[in-house]
Amino acid sequence: MSGHSTFDPKNPALKWFEARLPILGLAHSSFVAYPTPKNLNYWWTFGAILSMMLGVQIITGIVLVMHYTPHVDMAFNSVEHIMRDVNYGWLIRYMHANGASMFFIAVYVHIFRGVYYGSYKDPREVLWILGVVIFLLMMATGFMGYVLPWGQMSLWGAIVITNLFSAIPFVGEAVTTWLWGGFAVDNPTLNRFFSLHYLLPFMIAGVVGLHVWALHVSGQNNPTGVEVKSSSDTVPFTPYATVKDAFGMVCFLIFFAWFLFYVPNYLGHADNYIPANPLSTPAHIVPEWYFLPFYAILRAIPDKLGGVIAMFAAIVVLFFLPWLDTSKVRSARYRPLYRQFFWVLLAVCLGLGYIGAMPPEGWYIVIGRLLTAYYFLHFLVILPLLGFIEKPLPLPASITEAVLAKNGAAKPAVGA
Amino acid sequence: MATPSVVEPTRRDFLYIATGAVAAVGGAAAVWPFIAQMNPDASTLALASTDVNIGAIAEGSAITIKWRGKPVFIRHRTPKEIEDAKAVPMADLIDQDARNPNLTGDNTQATDAHRAAEGKENWIIMIGTCTHLGCVPIGQSGNFGGWFCPCHGSHYDTAGRIRQGPAPENLHIPPYQFTNDTTIRIG
Ligand code: HEM
Ligand code: FES
């Protein structure tokens with residue numbers, strides 16, 4: 001989106017149109033001529049995968065709304081009606097329910113990719129922050145969507161999460177009553193969640209637009225973390241990135257299809273096939289898997305307000321990541337110490353996810369607290385200090401040099 | 001022309017500020033209905049009270065009814081439960097407030113007498129919503145023989161007072177009164 005468009009249509013109708021609305025030129029300069037670093041690996045295909053998944057959720061969601069009824073007395077049965085009576089309803093609902101999980105798998109890969117290769121550093125801070133905003137909107141959307149089928153987990157998840165706001169001093173109770181539109185999670189709550197669940201994906205699409213705009217201003221990072229220096233460091237988006245992204249998307253769709261057709265309920269909870277009952281809580285309530293690490297942090301703190309603050313802080317800290325990391329070197333490839341802490345952080349996050357799924361008793365509590373402490377320690381202490389302590393490996397002078405050192409050196413010189 | 005000097009405010013500056021202020025008030029007034037519409041509506045507020053017949057609840061058993069969308073526990077306590085609750089020293093309580101809107105005096109300490117129905121200590125009536133994050137605790141379980149919330153492990157005693165776990169407050173007591181010996185009106 002930056003720089004001059006090289007788009008030059010020959011067709012007179014296109015020329016006429018382009019002079020009035022240069023949208024084809026914009027598409028051309030963003031997705032055809034756009035120079036991408038020549039050394040991008042498959043971790044860079046997840047942006048395209050995420051865009052695809054947003055499209056899948058919007059299309060399947062709009063279709064579901066044609067058959068769904070947002071009322072506490074009818075919502076559960078309308079979802080069963082989708083599953084049993086509507087033509088291909090089972091397929092579309094399973095696509096949507098599993099699609100949400102796939103969307104989160106892709107976003108977690110995408111985020112950890114950025115963390116490994118230092119993609120959040122100068123000049124990509126705004127790009128990174130927009131990404132965290134998208135992540136927050138996704139969490140809100142996923143949470144409200146899960147409430148819509150109005151099963152036991154829908155209701156009790158909604159109760160526990162909205163009650164987080166009751167921890168706010170003084171106004172907590174007024175805030176929760178306002179959110180519910182009543183004195184408990186009930187029909188008004190379901191209706192507003194439905195309205196917002198329809199709205200938020202389109203807001204996500206808007207922020208994705210800003211995210212891509214910011215990306216095309218600063219240019220993509222790459223596995224070396226060394227900025228593009230000359231045109232020999234890049235290849236045009238089409239065909240190179242287009243084909244690589246398409247291949248990544250197809251592989252991801254195979255993974256998605258495996259869940260969809262073989263284990264469509266694996267990522268869900270059996271209790272959500274029991275209609276919501278406000279008088280009885282399921283013995284073991286857990287949120288959707290993609291919230292588990294945050295849920296573990298919430299439970300690690302033995303104080304209501306403290307737990308809520310820690311959980312939100314775990315996300316807020318990501319906004320500050322560009323400034324918490326003091327190292328000038330972007331990519332973990334050239335940061336021998338950071339590289340190890342990266343893997344520890346990843347293991348800690350997975351560990352938190354495991355603890356979040358376990359009942360809050362015995363050793364699980366102790367381990368949950370240790371992992372929570374480490375999570376914050378990583379961002380608030382280890383990262384800022386590492387930049388001063390660590391001695392980075394020598395950086396290649398350019399992307400081209402790095403690529404040749406890896407692949408070119410072994411080849412005999414041409415004509416020798 | 002462009003000499004830096006302190007310029008006297010003009011009539012125009014005044015008009016700018018006055019117009020801006022009116023626009024800000026108008027904007028806030030226009031936003032308010034959109035915020036207020038999310039608060040409980042008239043039909044929700046109308047469901048204020050419920051009459052319950054408790055004549056059939058035998059000693060040592062309980063019923064759960066729905067009031068304002070929330071569960072309310074009505075338990076006919078055994079003498080042992082009452083003795084256990086009375087034996088707890090104030091200093092052992094996490095929350096020393098009775099959380100009982102029916103109390104009239106200034107003393108709102110969470111004694112057993114302030115938690116049970118006035119003059120009928122064998123009855124305890126509470127909102128069955130864990131004060132942590134709102135799950136429904138399970139009766140006659142947990143470390144104190146009262147209620148246990150399985151969601152994040154809060155233990156309440158036989159007077160519904162929080163004793164262990166993340167919940168900050170005793171189970172709340174709804175406003176209620178006995179309309180006769182076997183009927184209570186909640187709300
Ligand atoms: C960011 C994209 C989206 C995400 C992450 C998402 C997530 C979810 C989730 C997790 C569920 C619960 C599925 C279940 O267990 O049954 C759900 C249900 C639902 N969603 Fe979405 N959704 C998205 C976009 C949309 C859109 C754009 C619409 C409508 C235009 C929509 C309409 C619905 C409907 C009607 C249901 C209830 C039916 C059902 O439970 O299957 N969703 N959504
Ligand atoms: S909701 Fe009861 S312990 Fe959390």
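Read-outs throughout are calculated quantities, based only on the coordinates presented, and are distinct from any laboratory measurement. Only a predicted model underlies this, so the values are computations on that prediction, with no experimental measurement involved. Positions of Cβ are backbone-derived with ideal geometry, glycine not excepted, and every protein chain shown enters the neighbour counts.
Things to note:
- Complete set of residues in region B:165-187 that are more than 12 Å from chain A (Cβ to nearest Cβ) and assigned to a loop (DSSP other than H, G, I, E, B): B:ASN170, B:LEU171, B:ILE173, B:PRO175, B:ASP181, B:THR182
- Where B:ILE94 falls short, out of the listed (1) within 14 Å of chain A (Cβ to nearest Cβ); (2) within 25 Å of A:SER280 (Cβ to Cβ); (3) within 16 Å of ligand 2 (Cβ to nearest atom): (2)
- Sole exception among (1) in contact with a helix residue (DSSP H, G or I) (Cβ under 8 Å, 6 or more places away or on another chain); (2) aromatic (Phe, Trp, Tyr); (3) over 30 Å from A:GLU227 (Cβ atoms); (4) surrounded by 15 or more Cβ atoms within 10 Å (Cβ to Cβ) for A:TRP90, by number: (4)
- Looking across region B:138-164, the residues that are assigned to a loop (DSSP other than H, G, I, E, B) and either surrounded by fewer than 20 Cβ atoms within 10 Å (Cβ to Cβ) or within 8 Å of chain A (Cβ to nearest Cβ) (or both) come down to B:GLN140, B:SER141, B:ASN143, B:PHE144, B:GLY145, B:PRO150, B:CYS151, B:HIS152, B:GLY153.
- Residue satisfying all of: in region A:288-306; in a loop (DSSP other than H, G, I, E, B) and either basic (Lys, Arg) or within 11 Å of chain B (Cβ to nearest Cβ) (or both); nearest to the chain's Cα centre (by Cα) among these: A:ILE301
- Total residues in region A:350-381, condition of a type in the set (Gly, Ala, Ser), within 14 Å of another protein chain (Cβ to nearest Cβ) and surrounded by fewer than 19 Cβ atoms within 10 Å (Cβ to Cβ): 2
- Test result for A:PHE341, more than 14 Å from chain B (Cβ to nearest Cβ), assigned to a helix (DSSP H, G or I) and closer than 30 Å to A:GLU227 by Cβ: yes
- Filter result (touching a Pro at 6+ places or on another chain (Cβ under 7 Å), in a helix (DSSP H, G or I) and over 25 Å from A:GLU361 (Cβ atoms)) within region A:307-326: A:LEU324
- Count - residues of region B:54-85 that are more than 14 Å from chain A (Cβ to nearest Cβ), basic (Lys, Arg) and without any contact (Cβ under 8 Å) to a residue 60 or more places away in the chain: 1
- Condition check for B:ARG115: touching a helix residue (DSSP H, G or I) at 6+ places or on another chain (Cβ under 9 Å), free of Cβ contacts under 8 Å to residues at least 60 places away in the same chain and more than 14 Å from chain A (Cβ to nearest Cβ): yes
- Restricting region A:144-158 to residues that are within 16 Å of ligand 2 (Cβ to nearest atom) and touching a residue at least 40 places away in the same chain (Cβ under 8 Å), the residue that is farthest from the chain's Cα centre (by Cα): A:GLN152
- Scanning region B:33-57 for residues that are surrounded by 10 or more Cβ atoms within 10 Å (Cβ to Cβ) and over 30 Å from B:PRO71 (Cα atoms) yields no hits at all.
- Members of region A:197-214 that are in contact with a Ser or Thr (Cβ under 8 Å, 6 or more places away or on another chain) and closer than 19 Å to A:MET139 by Cα: A:HIS197, A:LEU200, A:PRO201, A:ILE204, A:VAL208
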